[in-house]
Amino acid sequence: MSKENYDALKEAIDALPQNEVKTPNMPVGEAVQEAENLYAWCQDDLQALTKAGLDKALVDDLPLRAGACRYAQSLWSREFQTQEEAQKEWGDRSDEAFDLRDELLHHFTFAFRNQPDLVNKVQAIREGGSNADMLQDLSDLHVLGLKHKEPLKAIGFDMSLLNTAAQTADELSVVLAKANGESGDDSEMKVQRDRAFTYMKKAVDEIRRTGQYVFWRNEDRVKGYVSQYHKRKRRSSVSDTDNVNI
């Protein structure tokens, strides 16, 4: 149902002004659960809440907003996990790829030592040390080696390394793209997650504000219009302060 909720509300979520979009100030899973708990809690108070000016549509809409937020969070988590996995794979394989590039340059420099034009090409390939440069170097060395096999064979060069270079460049270029892919505030999925969270939070905040106003002298009812997460955080903060002062 969460995807259906997201699809149904996407137009409204996208319509939020950018300056109103907030990054979650609590774990999204807990925020969604609190929204669903709030929906259940306020059912017995609808008459009093609407009498105080609350739009009942906000209450009716809350489960949909919560579902949309949950779905947007799942998309963002999936993207973030994929990026983390790619970063780990790059970390595991990139040193070997750099070593392969250096080994090829070593062999090519010696094999082409008597051919100035080829020496210049090897020197040009040697320039640059970034990750992207290394992958391009492997690809360029593969092409250069195939075009000038004889000098390489003359020094006993292992020609299979050319295919290894090409395969490594192809595979790791995909890995690097994922590892360096959109992250943080640049991620479209994160932006959509933040939008869905904000859209849900707007309803939650309005319902809570109204509930706190209506039941300001009713401890049994007002407690349901307070974030339990932030309540715990405040208690923890006070406890930490007390410990410091002891």
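List of remarks:
- Eligible lysines near LYS149 by straight Cα distance, threshold 17 Å, same-chain separation 8 or greater: LYS121
- Helix-only mean residue ellipticity at 222 nm for the chain, each DSSP H run of n ≥ 4 adding -39500 (n - 2.57), per residue, nearest 500: -26500 deg cm²/dmol
- Candidate values (1) 17.5; (2) 20.0; (3) 22.9, label of the one derived for Kirkwood radius over Cα pairs in Å: (3)
- Residues of type aspartates and glutamates that LYS10 reaches as a straight line, Cα spacing below 15 Å, ignoring anything fewer than 8 places off in the same chain: ASP61, GLU188, ASP194
- Lys, Arg +1 and Asp, Glu -1 on Cβ, resulting dipole of the chain about Cα centre, debye, nearest 20: 940 debye
- Subset of LYS3/LYS231; LYS201/LYS233; LYS178/LYS231; LYS147/LYS178 violating a 29 Å alpha-carbon distance limit: LYS3/LYS231; LYS178/LYS231; LYS147/LYS178
- Farthest toward positive dipole pole in the chain [+1 Lys/Arg, -1 Asp/Glu at C-beta], among LEU49, ALA124, ASN180: LEU49
- In plain terms, the chain from GLU219 to LYS56 could stretch by 56.4 nm, reckoned as 0.36 nm per residue minus the Cα-Cα distance.
None of the figures in this text is laboratory data; all of them are computed from the coordinates on show. The structure displayed is predicted, hence computed values, not measured ones. Glycine gets a Cβ as well: all are built from the backbone with ideal geometry, and neighbour counts include every protein chain shown.
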